[in-house]
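J.: Here it is, the structure in full.
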Amino acid sequence: MSPNHMSASEEAETDYLALLDRSRIPVHVGCVMDGNGRWAEKRGLPRTEGHGAGEAALMDTAFGALDAGLKWLTVFAFSTENWHRPVEEVRYLMHFNESLLTRHRDELHEAGVRINFSGRRDWRVPRRVARRMEEATELTKDNTRMTLTFAFNYGGRAEIVDAVRKLVESGVPADRINEKAISRYLYHPEAPDPDLVIRTSGEMRISNFLLWEIAYSELVFTDVLWPDFRRDDLYRAIYEYQGRHRRYGKVGPT
Ligand code: IPE
Ligand code: IPE
Ligand code: MG
């Protein structure tokens, strides 16, 4: 939704941050960073170049989120299904995520960002990558300005399965299993549910992202391919979010 049905060029020049109601900034935004491969293919480049170009988008979005006052930003970096991609691409993505962390953790730390990970730490995640993840988590664990969570080797169904497993292991009787109990065993029970989930690249699906947590999230889809996404695209999505009426199944205000 654009203000007053603007033309595309007017829209491109709109300062969406200035239009935002600062008292209603979403607390938690999730991002399905999609379209890297297509971005590269359009330029005749290998798909992996698209992942590389996604780094600038991620950093600009993270710092833009800080400027807007977001408290939680969760980005989908690698899904439990992405292991089915060609081995070279998987290898590239593992190394890429490791090097991205190493190169950016200090500036994120200085900016007051707490870095978190969500997903399975199974044997397929190389040891070196897991170690970098632990280091970044440890380094930034006391930061409070914003939590940036990388959903890495993450699947929404796997998360629910893992939660139920832990619940059963803890010996909770069946009649004590309720939504609150399951929520307590998710990867990050302390994180509030996302208010807004953005997916880039024009695909209108969730692809196993935060299934439990997005029950009442607002969804914004954009045709922008992830490597082209910048903070202004985030602000535009938040602007759209602020025009929505969240009813949670109730009867809303007229
Ligand atoms: C998203 O971009 C990044 C990951 C899934 C790791 P894609 O690689 O899915 O790009 P498209 O969807 O093929 O264009
Ligand atoms: C979702 O994108 C996963 C990530 C962004 C990491 P995909 O590209 O894997 O999703 P599909 O295959 O289009 O559903
Ligand atoms: Mg994709």
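J.: Would you order Lys42, Lys250, Lys71 from fewest to most other beta-carbon atoms within 10 Å of each residue's own beta-carbon?
T.: Placing the least packed residue first, the sequence is Lys250, Lys42, Lys71.
J.: Taking the alpha-carbon distance from Lys141 and a cut-off under 29 Å, which lysines remain once sequence neighbours fewer than 8 residues away in the same chain are dropped?
T.: Excluding near neighbours in sequence, the set is Lys71, Lys166, Lys180.
J.: Follow-up. Where a ≥ b ≥ c are the square roots of the eigenvalues of the C-alpha gyration tensor, would you call the chain rounded, which needs a/c under 1.5, or, failing that, prolate if a/b is larger than b/c, or oblate?
T.: oblate
J.: Right, here's the next one. Looking at region 169-218, which trypsin sites (Lys or Arg not before Pro) are DSSP coil and have at most 14 other C-beta atoms within 10 Å of their C-beta?
T.: Here the trypsin sites (Lys or Arg not before Pro) that fit, given the DSSP loop and packing criteria, are Arg205.
J.: Specify whether the C-alpha gyration tensor of region 95-199 places it in the rounded, prolate or oblate class, a ≥ b ≥ c being the square roots of the eigenvalues: rounded for a/c under 1.5, otherwise prolate if a/b is larger than b/c and oblate if not.
T.: prolate
J.: Full extension from Trp83 to Thr102: what is 0.36 nm times the residue separation minus their Cα-Cα distance, to one decimal in nm?
T.: 4.6 nm
J.: Could you tell me the calculated FRET efficiency between Glu190 and Glu13, based on Cβ-Cβ distance and R0 = 41 angstrom, to the nearest 0.05?
T.: With R0 = 41 Å, the Cβ-Cβ based efficiency is 0.55.
J.: Could I have the simple spin-label model distance between His109 and Ala56, label points 7 Å from Cα toward Cβ, reported in nm to one decimal?
T.: In this crude label model, His109 to Ala56 measures out at 2.7 nm.
J.: Let me ask you something else. So how far apart, in nm, are the two label points at Arg205 and Glu138 if each is 7 Å from Cα heading toward Cβ?
T.: Between Arg205 and Glu138, the label points sit 4.0 nm apart.
J.: Enumerate the calculated ³J(HN,Hα) couplings along region 10-25 in order (Karplus 6.51 cos²θ - 1.76 cosθ + 1.60, θ = phi - 60°), each rounded to whole Hz, writing x wherever the residue is Gly or Pro.
T.: Calculated HN-Hα couplings, in order: 4, 5, 4, 8, 5, 8, 5, 4, 5, 7, 6, 7, 5, 7, 10, 6 Hz.
J.: Ok, one more. By Kyte-Doolittle mean hydropathy of at least -0.5 and Cα axial length of at least 27 Å, which whole DSSP H helices of the chain are selected?
T.: For the chain, where a helix must reach 27 Å along its axis and average at least -0.5, the hits are 47-68.
J.: In the Gaussian network model of the chain, springs joining C-alpha atoms below 10 Å, which of Trp72, Trp83, Trp226 carries the largest mean-square fluctuation?
T.: Maximum among the listed residues: Trp83.
J.: If you take the square roots of the eigenvalues of the alpha-carbon gyration tensor of region 4-147 and sort them as a ≥ b ≥ c, do you get rounded (a/c under 1.5), prolate (a/b over b/c) or oblate?
T.: Here region 4-147 falls in the oblate category.
J.: For every helix of n ≥ 4 consecutive DSSP H residues, a contribution of -39,500 (n - 2.57) applies; sum these over the chain, divide by its total residues, and give [θ] at 222 nm rounded to the nearest 500 deg cm²/dmol.
T.: After summing the helix terms and dividing by the residues of the chain, the value is -13500 deg cm²/dmol.
J.: Still on this structure, please answer the following. Treat every Asp and Glu Cβ in region 73-161 as -1 and every Lys and Arg Cβ as +1, leave all other atoms uncharged, and give the resulting dipole magnitude about the Cα centre to the nearest 20 debye.
T.: I would put it at about 200 debye.
J.: Once amide H atoms are placed 1.01 Å from N in the peptide plane, what residues at a sequence separation of 5 or more from Thr147, or on another chain, have their amide H within under 5 Å of its amide H?
T.: Trp72, Leu73, Arg114
J.: Express in nm, to one decimal, how much length is gained between Arg91 and Lys166 on full extension, taking 0.36 nm for each residue of separation and deducting their alpha carbon distance.
T.: 23.9 nm
J.: Report the Cα centroid-to-centroid distance between region 96-163 and region 1-56 in angstrom, as an integer.
T.: After rounding, the separation between the Cα centres reads 23 Å.
J.: Find which of Tyr248, His51, Leu100 sits farthest along the positive direction of the dipole of the chain, computed with +1 on the beta-carbon of Lys and Arg, -1 on that of Asp and Glu, about the Cα centre.
T.: Checked the options; the winner is Tyr248.
J.: How do Ser207, Ser7 rank when sorted from fewest to most other Cβ atoms within 10 Å of their own Cβ?
T.: Arranged by neighbour count, lowest to highest, Ser207, Ser7 become Ser7, Ser207.
The numbers here are math on the coordinates, done by the rules we state, and not lab data. All figures in this text were calculated on a predicted structure; none of them were measured in a lab. Heads up, the Cβs are rebuilt from the backbone with ideal geometry, glycines too, and the neighbour counts pull from every protein chain shown.
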